[in-house]
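Bear in mind that the values in this text are calculations on the coordinates, not laboratory data. Treat the numbers as computed from the prediction; the structure is a model and nothing was measured.
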Amino acid sequence: MTLSAIPGALAARSDLPSLAGGKPAEAATQFEALLLSQILRDARESSGGGAFGGGDEGSSAIAEFAEEQVARAMAQSGGLGLASLIESGLAREEADARAEKSRPAATPDLSR
């Protein structure tokens, strides 16, 4: 996935803020939290259930909630550093788009 695909991917998620709201830093942090939560969930599932016991629905729900909270805390404190990379990429793309809009249109050379 390229950085240009990230705004669309983030905006498509109902639990993430829209980038149109002007909060790319928050969206990038929540995207990193979502990714970290997925990593934690996969680690728990591959280990056979983790610290919350077996596979009943109650312990599974508790584990998912705990994973989400840990992932959010990790992302807000820097996490893997993905949020800052995403945010700088989004800012760079926004600046490029603004520069493209302000650039005058090229006029064709009709002297030939």
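Along region 63-80 the Karplus relation, 6.51 cos²θ - 1.76 cosθ + 1.60 evaluated at θ = phi - 60°, assigns HN-Hα couplings of 5, 5, 5, 4, 4, 4, 5, 5, 4, 5, 5, 4, 5, 5, 9, x, x, 8 Hz to successive residues, with x for each Gly and Pro. The stretch between LYS101 and ALA73 holds 6.3 nm of extra length on full extension. This uses 0.36 nm per residue minus the Cα-Cα distance.
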